[in-house]
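Shown next, in C-alpha cells, is the structure this report addresses.
The values are calculated or read from the model by the stated rules, or taken from the named source; none is laboratory data. Computed from a prediction, not measured in an experiment: that's the story for all the values here. Cβ: placed from backbone, ideal geometry, glycine included. Neighbour counts: every protein chain shown. All accessible areas refer to the heavy atoms of the entire protein, side chains included, with ligands and DNA or RNA removed. Shrake-Rupley method; radii C 1.70, N 1.55, O 1.52, S 1.80 Å.
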Amino acid sequence: MGKLKRRSNFRKGNLADFIVDHNKLIRNIVIVLVVFFAFFAPFVGINYDLTSYLPSSEPSKIAIDKMDETFGYPGTGRLMLKDVSIYEAKQYKDRIEKLDGVDQIIWCDLTTQIYGSSEFIDYDDIDDYYKDGDAVMDITFKGGDASKFTHRTIDQIHDIIGDKGELVGMSPTNKFVEENVSSEMKMILVIAVSMIFVILLVTTTSWFEPILFLTVIGCAVVLNKGSNIFLGTISYITNNICIVLQLATSMDYSIFLLHSYERERENGLDKVSALKKGLNSTITTILASSLTTFFGFIVLVFMKFTIGFDMGVVMAKSIICSLLMVIFLMPSLLLSWSDLIDKYRHKSFIPDLKKFSEKVVKIGPTVVIVSLALAGPIYVGQSMNNFMYGTDATGAGPGTEIYEATNDINAKFGRSNMIVAIFPDTDAQREKEMSDEIEDKEYVTNVMGLSAYLPDGVSENILPESVRELFHKDGYARLLIYIATRPESKTAYKDTNEISDIINKYYPEDSYITGNTPVTMDMERVLGPDYRMVNALAMTAIFIVVALSFHSPVMSIAAMIPIMMAIYTNMIFPYLEGQELIFIAYAVVSCIQLGATIDYAISETSNYLQIREVEHDKRKAAVQMTEVSFPSILTSGTILVVCGYTISFASSIPAISEVGHLVGRGAVLSMFFVTCMMPAILRLIDPFITKSRKQRREERKVRIAEAKANKNGATVDKEETANEAETVHKEETTNDVKTANKEETANSEGNGAEGEVKA
C-alpha cells in the first residue's frame with residue numbers, strides 16, 4: 001500500500017512538474033483549441049421538439065413516425081377572432097386556408113351554410129365555433145410544430161389577422177419558445193456572470209482574482225459549447241441551462257487550486273515551486289470533486305427518454321472541460337498574472353468565522369438528530385408530488401401573452417385537444433361507422449375525415465386529389481379527433497383510451513393513435529422508471545467514487561447523508577405548496593444537486609483529515625475544519641444559488657425556469673445541511689476515517705493481546721498465591737513437627753534424669 005501511494009504521488013508530481021515547466025506551450029495549445037471550438041459553437045443545432053426524444057418502441061412514437069412517413073406530421077394551432085360577424089370570420093378563414101403552410105381549418109362552415117340567410121343558421125348548434133361575436137378555429141399545418149415552414153406560416157397568419165385575433169396551440173407555442181429562449185438566455189448569462197463577478201470580488205482577497213476565475217471557466221464553456229458539434233443537435237433545455245450551470249458547478253476547482261498555491265507561497269516557496277506543490281496536492285481533490293459531479297450527470301445517458309442522453313453528455317462534458325482548463329490552463333495564467341493578483345490585494349470581506357464555527361459545531365448533533373427524525377416523513381412527502389410530463393408543461397409560462405391568450409380562448413370556447421388516428425384504408429363504410437361512433441361521445445367536439453367533405457353515398461373520387469390526400473394516402477386513412485379536455489389530465493387519459501379501444505375494434509391490426517395526450521401518456525410511462533434508475537445509478541456511482549477517494553465506505557455514507565437530506569427537503573416544498581412539478585426538471589435537478597453539492601462534503605472531509613493529523617482533539621478539529629471550509633462552500637454555493645434563481649426569474653419557459661428554481665433552493669439547503677451536519681458526523685465516525693484499515697486491524701490485535709495477557713496474568717497470580725500458601729502450610733507443619741519432636745525429646749531426657757535421681 002505504501003509503495004502504491006508513493007508511486008501515485010510520484011506520478012502526480014511528474015504531471016504537476018510537466019504542466020508548470022511547459023506552461024507556455026500548453027497555454028498556446030489551449031488558445032488554439034478555444035478559437036477552433038468557438039468557430040463551431042454557432043453551428044450546433046437546437047431541437048425544440050420534445051416528442052423526438054421518445055423511445056422508438058413507444059406506441060405514440062410509432063404512430064408519429066408512421067404518420068410522418070405517410071401524411072406528414074401536422075403542427076396544430078387554434079385561432080380566435082374577436083368582435084367579428086360570422087361572415088367576416090368566414091372571409092378570414094378563406095384567406096388563411098389559402099396559405100401554403102396550412103393543411104386545413106376546422107370551423108362551423110363545414111356543416112353549416114354560412115352565406116345563406118342568417119335566419120337559417122342555428123347559432124346554438126355552432127356555439128362551439130362562434131359565440132357572442134367571437135369565432136374560434138382549429139388549424140393544422142403541413143409542417144410540424146417545430147418546422148420553420150410552419151413558423152413562417154404563423155407569421156403570415158398574424159399579418160392577415162393583425163390585432164383582430166389571437167393564435168395559440170402547440171405550433172405557436174413552439175415558435176414562441178424558439179424565439180424567446182435565445183434572447184432570454186443571453187440576458188440570463190449577462191446577469192449571472194455579473195453576479196458571479198460581484199460574489200468573487202467579495203469572497204476573494206484580490207480585485208484581480210475574479211478575472212482569473214472567469215477566464216478559466218470561460219474557456220471551458222467555449223470548449224464545451226463548440227464540441228457539441230459532434231452531437232449535431234441538442235435540446236433547447238440543455239442548451240439554455242448548460243452554460244450557467246457549468247459556471248456554477250465548476251468554479252470550485254479554480255478556487256481549490258488558487259488557495260493551495262497561495263498556502264505554499266505563504267510557507268516561503270517561490271512561485272514555480274509553490275505552483276508545483278500546490279498543483280500536486282490539488283489534483284487529487286479536484287479529481288474526486290469533479291468525478292462525483294461527472295457521474296451525477298453522466299448517468300442521465302441511461303434514460304430511455306433520450307433527452308437524458310442529450311443532457312447527460314453535454315453536462316458531463318462541461319465538467320471534463322472545466323477540469324482540464326483548471327489543471328492545464330490555470331497554472332500558466334497564475335504564473336503570468338501572479339504579480340497582478342498581488343498588486344490588487346485587499347482585505348478579506350469575510351469576517352472571522354471562529355465564533356460562527358463554534359456555534360455550528362455546538363448545534364451540529366441537534367441538527368443531525370432532528371434531520372434523521374424527519375427523514376422518513378420528508379422522503380414520503382417528496383415522493384407524493386404531482387408531476388406534469390407532457391409538452392404543454394414546457395411551453396409558455398404564466399405572464400406571457402400566449403399563455404394568457406390560451407386561457408381566454410379556453411374560458412370562452414372550452415378546450416380543444418387533437419388526437420390523430422391512422423388505420424388501413426380498406427372500407428369506406430367501416431370508416432364512416434367508426435367515425436360516427438367516436439363522434440357520438442359527449443367529450444368529442446369534432447371528427448374530421450374524408451366523410452366530413454362528402455354527402456352520404458357519394459364517392460370520394462369527386463373531390464380534388466389535394467383534398468383526398470389529406471385523409472387517404474398510400475393505403476392508409478387519417479382521422480382528426482378533437483376532444484374538450486386538457487391534454488394532460490386523468491379525464492384526457494380515460495377519453496383517449498376509449499377512443500383507442502373503438503379504433504382497435506374496427507381496425508385491430510395496423511392502426512395507430514397519437515397526439516398530445518397519447519404522447520404525454522407514453523412520456524409518463526417512460527420517465528418514472530427512468531428517474532428511479534438514474535437516481536439509483538447516480539447514488540451508487542458517487543458512493544463508489546467517494547469510498548475510493550477516502551479508502552472508506554463509511555465516508556461515502558457520511559458524505560451522502562446531508563446531501564440526500566437536502567435533496568428530499570428541496571423536493572418536498574412543491575408538495576407542501578400544492579404545486580405541480582415538471583418531471584423532466586425534477587429528474588434532472590436531483591442528479592445536478594447530488595453531483596454538484598457532494599463537493600461540499602468532500603471538501604469538509606479533506607480539511608478535517610488534514611487538521612486531525614496535527615490536532616488530537618476531535619471537537620477542536622471540527623471547529624477548525626468549519627472555519628477553513630465555510631468560505632469555499634459559501635462562495636460556490638452562493639454562485640449556484642444566484643445562477644439558479646437568475647434562470648428561474650428571467651426565463652418565461654416553465655421547464656427552464658423550474659430547473660433554475662430547484663437548483664437555487666437546493667444549493668441553499670445543501671449548504672445548510674452540509675455545514676451543520678458534517679462536523680457532528682465526522683466526529684462520530686472519526687475512528688473509521690482518521691486511521692487506515694491496517695492501523696485499526698493492528699490496534700485490534702494489540703487490544704486482543706493485552707486482554708489475553710491480562711487474563712494470563714491473573715491465572716499466574718492465583719497459582720503463585722496457591723503455591724505460596726501451600727509452602728507456608730508445609731513450613732508450618734514441619735515446624736510443628738520439629739517442635740513436637742523437641743518437646744518429646746526434652747520430656748524423655750527429663751524423665752531419664754528424674755529416674756536417675758530417684759535411683
Item checked: Mean projected area (nm²) of the alpha-carbon convex hull when segment 58-97 is viewed from all directions -> 4.1
Next item on the list: Could you order Arg95, Arg345 by accessible surface area, starting with the largest, using a probe radius of 1.4 Å?
Entry: Arg95, Arg345
Item checked: Residue-normalised accessible area of the chain, given per residue in Å² at a 1.4 Å probe -> 46
Note to self: Give me the base-10 log of I(q)/I(0) for the chain at each q in 0.05 Å⁻¹, Debye formula, one uniform scatterer per Cα, rounded to two decimals.
What the structure shows: -0.39
Check: Got the relative contact order for the chain handy, in percent, Cα pairs under 8 Å and 6 or more residues apart?
Finding: 17
Item checked: GluC sites (Glu not before Pro) within segment 338-431, DSSP loop, no more than 10 other Cβ atoms inside 10 Å -> none
Item checked: Lys355 paired with Leu374, simple spin-label distance in nm, labels 7 Å along Cα-to-beta-carbon -> 2.7
Notebook entry, point to check: Helix 170-203: angle to the longest alpha-carbon principal axis of the chain, degrees 0 to 90, nearest 10?
Noted result: 30
Notebook entry, point to check: In whole angstrom, and with the biggest value first, how far do the Cα coordinates of segment 515-628 range along each principal axis?
Noted result: 67, 31, 16
Notebook entry, point to check: Given the protein chains as shown and a 1.4 Å probe, how many square angstrom of Arg415 are accessible, to the nearest 10?
Noted result: 100
Notebook entry, point to check: Tally Lys/Arg at +1 and Asp/Glu at -1 over every other residue whose Cβ is under 12 Å from the Cβ of Thr626; what's the total?
Noted result: +4
Check: Calculated from DSSP H runs of 4 or more alone, at -39500 (n - 2.57) each and per residue, what is the 222 nm mean residue ellipticity of the chain, nearest 500?
Finding: -24000 deg cm²/dmol
Next item on the list: Over segment 88-201, calculate the relative contact order: mean separation of alpha carbon pairs under 8 Å at least 6 apart, over the residue count, as a percent.
Entry: 25
Next item on the list: Could you please state, rounded to a whole Å, how far the C-alpha centre of segment 259-294 is from the C-alpha centre of segment 191-250?
Entry: 21
Next item on the list: Scan segment 174-221 for chymotrypsin sites (Phe, Trp or Tyr not before Pro) in coil per DSSP, keeping those whose Cβ has at most 15 other Cβ atoms within 10 Å, and list them by number.
Entry: Trp207
Check: What is the percent of Cα-Cα separations in segment 474-541 that go past 21 Å?
Finding: 42
Notebook entry, point to check: Put a dot 7 Å past each Cα toward the Cβ at Val272 and Asp163; how far apart are the dots in nm?
Noted result: 7.3
Next item on the list: Counting only DSSP beta bridges with both residues in the chain, tell me the antiparallel percent, nearest 5.
Entry: 85
Next item on the list: Using the structure shown, select from Lys24/Lys271; Lys61/Lys93; Lys441/Lys494 the pairs with a Cα to Cα distance greater than 20 angstrom.
Entry: Lys61/Lys93
Next item on the list: With r as the distance between the Cβ atoms of Leu15 and Asp501 and R0 = 56 Å, compute the FRET efficiency 1/(1 + (r/R0)^6) and round to 0.05.
Entry: 0.30
Notebook entry, point to check: Which whole-number percent of Cα pairs in segment 196-337 have a distance greater than 17 Å?
Noted result: 61
Notebook entry, point to check: With θ set to phi - 60° and the Karplus curve 6.51 cos²θ - 1.76 cosθ + 1.60, what are the ³J(HN,Hα) couplings of segment 260-268 in order, to the nearest whole Hz, using x for Gly and Pro?
Noted result: 5, 4, 5, 4, 5, 5, 5, 7, x
Next item on the list: Starting from the coordinates of the alpha-carbon atoms of segment 560-605, obtain the Kirkwood hydrodynamic radius over all distinct pairs and give the value in Å to one decimal.
Entry: 11.4
Check: Which residues in segment 384-427 have a backbone N closer than 17 Å to a point placed 7 Å from the Cα of Asp124 along the Cα-to-Cβ line?
Finding: none
Check: Which residues in segment 619-656 place their backbone N less than 18 Å from a point set 7 Å from the Cα of Thr205 along the Cα-to-Cβ direction?
Finding: 624-636
Margin query: Please compute the alpha carbon radius of gyration of segment 222-277, then divide it by the globular-protein estimate 2.2 N^0.38 Å. Two decimals is fine.
Written below: 1.73
Item checked: Stretch gain in nm, segment Lys494-Gln429, where the contour uses 0.36 nm per residue and the Cα spacing is subtracted -> 20.7 nm
Check: Using the Karplus equation 6.51 cos²θ - 1.76 cosθ + 1.60 (θ = phi - 60°), what ³J(HN,Hα) coupling, rounded to whole Hz, does each residue of segment 362-371 give in order, writing x for Gly and Pro?
Finding: 5, 8, x, x, 5, 4, 4, 5, 5, 4
Checklist line | Nearest 10 degrees, 0 to 90: helix 2-21 Cα axis against the chain principal axis | finding: 50
Margin query: Just to confirm a number: summing +1 for Lys and Arg and -1 for Asp and Glu over residues other than Asp522 whose beta-carbon lies under 15 angstrom from that of Asp522, what do you get?
Written below: -3
Notebook entry, point to check: So between Asn180 and Asp617, what do we pick up on full extension, going 0.36 nm a residue minus the alpha carbon distance?
Noted result: 151.6 nm
Notebook entry, point to check: Expressed as a whole percentage, what fraction of the accessible surface of segment 422-568 belongs to carbon and sulfur atoms when a 1.4 Å probe is rolled over the protein heavy atoms?
Noted result: 54
Next item on the list: Step through the residues of segment 279-293 one at a time and calculate ³J(HN,Hα) from phi using the Karplus curve (6.51 cos²θ - 1.76 cosθ + 1.60, θ = phi - 60°), rounding each to whole Hz and writing x for Gly and Pro.
Entry: 5, 4, 6, 8, 4, 4, 4, 6, 5, 4, 5, 6, 5, 5, 5
Check: Ile46's amide H: which non-local residues (gap 5+, or another chain) put their own amide H closer than 5 Å, with H modeled 1.01 Å from N in plane and none for Pro or chain starts?
Finding: Ile234
Next item on the list: Give me the net charge of Ser57's neighbourhood, meaning all other residues with Cβ under 12 Å from the Cβ of Ser57; Lys, Arg count +1, Asp, Glu -1.
Entry: 0
Note to self: Compute the angle between helix 59-70 and the longest alpha-carbon principal axis of the chain, please, reported from 0 to 90 degrees and rounded to the nearest 10.
What the structure shows: 40
